[in-house]
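These notes are about the structure you will find just below.
The values are calculated or read from the model by the stated rules, or taken from the named source; none is laboratory data. Since the structure is predicted, the reported quantities are computational estimates derived from the model, not experimental observations. All Cβ positions, glycine included, derive from the backbone under ideal geometry; neighbour counts span all protein chains shown. The area values use the complete protein model at the heavy-atom level, side chains included, leaving out ligands, DNA and RNA. Shrake-Rupley method; radii C 1.70, N 1.55, O 1.52, S 1.80 Å.
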Amino acid sequence: MKVNKLTVSNFRNYENEVISFGENTNIVFGNNAQGKTNLLEAIFLFSHGRSHRTKLDTEMINFGKESMKLCLEFSDKDRDYRALMQLSKNGKKSVKINNVPITKLSMLMSYLNVVMFSPEDLQIIKGAPQVRRHFLDEAISQIYPIYLKHLISYHKNLAQKNNLLKKMKFSGNLSDEMLSVWNEQIAEDGSVIMNFRTDFINKINNFASKIHREICGENLNLLYTPSVECDIINKENFYNKLNAVENREIENGSSLYGIQRDEIKFFIGDKEIKTYASQGQQRTAVLSLKMAQVELINDLKEEYPVLLLDDIMSELDVNRRRYLWGKIKDKQVILTCTDIDDEETKENATIFNVNSGTVKRLEV
Ligand SMILES: Nc1ncnc2c1ncn2[C@@H]1O[C@H](COP(=O)(O)OP(=O)(O)OP(=O)(O)O)[C@@H](O)[C@H]1O
Ligand SMILES: [Mg+2]
């Protein structure tokens with residue numbers, strides 16, 4: 001997968017810029033607050049349908065302007081695509097790929113695959129469980145779009161169930177036949193989601209352990225700890241577990257069990273990283289995880305995603321940097337940094353300087 005040309009207009013701190021990317025390493029350098037991350041955000045938008053850093057789309061429109069427009073030309077092993085995205089201040093967003101309107105933004109994931117890696121990804125290890133679930137949901141949806149459908153349906157039904165539980169708690173009503181209706185729906189999607197999560201964690205764990213051993217010789221392991229534990233994951237077993245805790249959930253006035261409470265734990269040897277590992281060890285684990293995601297996408301889709309590395313190199317030590325350079329040199333990468341000091345990195349790289357929303361390609 002390659003991104004070829006990005007045209008931005010009134011996006012963030014850009015007015016009108018056109019950037020033609022190189023096939024391999026692209027280095028985007030510049031001082032702080034010049035527009036480096038904004039460029040990665042624009043590409044990310046085309047693969048996920050939403051920004052990686054804001055939920056409010058209109059934030060991305062250049063201050064004082066009424067609308068923004070982005071165009072991305074990209075290609076996979078079979079064909080070329082031209083995607084167009086327009087957004088106006090009233091929140092209206094339209095996306096077309098090769099002139100065909102895309103009605104569900106989640107559909108974008110099946111066209112363009114990118115993996116973004118930025119310093120905030122450390123939160124996958126250090127942060128709250130929902131950060132890990134979010135990583136999981138996004139990574140699985142990117143490979144299996146059907147997963148997202150089940151997830152949306154699950155959360156819709158869960159919201160209905162929670163409304164009912166709240167009402168039951170306050171009215172003192174101890175039975176309502178709708179509760180088992182919601183539980184059944186939840187069990188249907190929940191069991192599919194759990195199976196996807198189990199399978200994905202097994203697969204990514206294989207890649208991540210291998211990569212992590214290559215980087216530092218340590219044993220990294222991911223462990224899925226689902227909230228609903230079943231020997232065999234299916235609708236019936238999931239439903240029975242929910243049924244068994246019905247009274248407690250009514251008393252609580254909201255759900256206590258389900259995929260919204262799943263956890264993924266990261267271990268080095270038998271020690272949980274979150275609690276015991278140093279900052280550098282945690283960063284290395286995230287690096288292994290992200291590179292594993294890249295390898296897994298290639299394994300299942302027979303094509304590497306585009307890597308977007310936002311200010312990552314400066315956080316890694318020399319050995320880890322060297323490892324990463326070795327791993328990415330045969331893939332398309334767009335990476336941002338504030339300085340280019342490594343001479344070796346310039347080899348075969350396409351280099352851009354960003355200055356106050358202006359991008360200049362340097363000849364090396
Ligand atoms: N809607 C907007 N309109 C105009 N400018 C904006 C808008 N949103 C953000 N900006 C500005 O864009 C600038 C560049 O942001 P960006 O995050 O791309 O910087 P960066 O080059 O990645 O910097 P750093 O090295 O600090 O990460 C910031 O100064 C930010 O205030
Ligand atoms: Mg930045």
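Roughly what % of DSSP beta bridges within the chain run antiparallel, to the nearest 5?
So the antiparallel bridges amount to about 70 percent of the total.
Mean 1/r over all different Cα pairs, inverted: what Kirkwood radius does the stretch 120-302 give, in Å?
17.6 Å
In the stretch 9-51, which GluC sites (Glu not before Pro) fall in coil by DSSP and have 16 or fewer other Cβ atoms within 10 Å?
Qualifying residues, ordered by number: GLU15, GLU23.
For ASP78 and LYS274, what does the FRET efficiency come to when R0 = 51 Å and r is the distance between their Cβ atoms, rounded to the nearest 0.05?
Efficiency, from the Cβ-Cβ distance: 0.80.
Over all Cα pairs of the chain, how is the pair count split among 10 Å bins, expressed in % and running from 0 up to the last occupied bin?
Using 10 Å bins, I get a P(r) of 5, 22, 28, 25, 14, 5, 1, 0 for the chain.
Quote the accessible area belonging to TYR144 in square angstrom, nearest 10, computed with a 1.4 Å probe and with ligands, DNA and RNA left uncounted.
Rounded to the nearest 10, that gives 60 Å².
Using the Karplus curve 6.51 cos²θ - 1.76 cosθ + 1.60 with θ = phi - 60°, what ³J(HN,Hα) values do you get for each residue of the stretch 90-105, in whole Hz, with x for Gly and Pro?
Values per residue, Gly and Pro as x: 6, x, 6, 10, 9, 10, 10, 10, 6, 6, 9, x, 9, 7, 9, 5 Hz.
With all protein chains present, how much of the accessible area of the stretch 120-302 (probe radius 1.4 Å) comes from carbon and sulfur, to the nearest whole percent?
Solvent-exposed carbon and sulfur of the stretch 120-302 make up 48 percent of the total.
For the stretch 257-364, compute Rh as the Kirkwood radius over C-alpha pairs and then the Stokes-Einstein diffusion coefficient at 20 °C and 1.002 mPa s; write the answer in µm²/s, rounded to an integer.
130 µm²/s
Under a 5 Å amide H to amide H cut-off, with H placed in plane at 1.01 Å, what residues pair with GLN332 once short-range neighbours are removed?
Here LEU307 satisfy the definition.
For the pair LYS265 and SER180, what calculated FRET efficiency results from E = 1/(1 + (r/R0)^6), where r is the Cβ-Cβ distance and R0 = 35 Å, to the nearest 0.05?
0.65
Counting other C-beta atoms within 10 Å, and keeping those with at most 10, which DSSP coil chymotrypsin sites (Phe, Trp or Tyr not before Pro) do you find in the stretch 1-79?
Answer by residue number: PHE63.
List every residue whose amide H lies under 5 Å from the amide H of ILE102, counting only residues 5 or more places away in sequence or on a different chain, with H placed 1.01 Å from N in the peptide plane.
Counting only residues 5 or more places away or on other chains, the set is VAL95, LYS96, ILE97.
Which order do peptides 199-210, 272-283 fall in by mean Cβ count within 10 Å, highest first?
In decreasing order of mean packing, 199-210, 272-283 become 199-210, 272-283.
Which value in nm describes the separation of the simple spin-label points at ASN221 and ASN195, placed 7 Å from the Cα toward the beta carbon?
Rounded to a tenth, the inter-label distance reads 2.6 nm.
Past the 26 Å Cα-Cα mark, which pairs from LYS2/LYS126; LYS92/LYS161; LYS2/LYS290; LYS169/LYS241; LYS93/LYS360?
Going by Cα-Cα distance, LYS2/LYS126; LYS92/LYS161; LYS93/LYS360 fall outside the 26 Å limit.
If contacts are Cα pairs under 8 angstrom and at least 6 residues apart, what is the relative contact order of the stretch 120-302 in percent?
31 percent.
Could you work out the relative contact order of the stretch 110-214, using alpha carbon pairs under 8 angstrom and six or more residues apart, expressed as a whole percent?
That works out to 27 percent.
With a cut-off of 8 Å between alpha carbons and a minimum separation of six or more residues, what is the relative contact order of the chain in percent?
RCO, the chain: 26 percent.
Using label points projected 7 Å from each Cα along Cα→Cβ, tell me how many nm separate LYS126 and ASN243, to one decimal.
Label at LYS126, label at ASN243, 4.6 nm between them.
On the protein heavy atoms, probe 1.4 angstrom, tell me the percent of accessible surface of the stretch 1-83 carried by carbon and sulfur.
It is 42 percent, rounded to a whole number.
Return one whole number: the accessible area per residue of the stretch 120-302 in Å², for a 1.4 Å probe.
48 Å²
Whole Å is fine, so just give me how far the alpha carbon centre of the stretch 169-203 lies from that of the stretch 293-344.
Rounded to whole Å, the Cα centres lie 39 Å apart.
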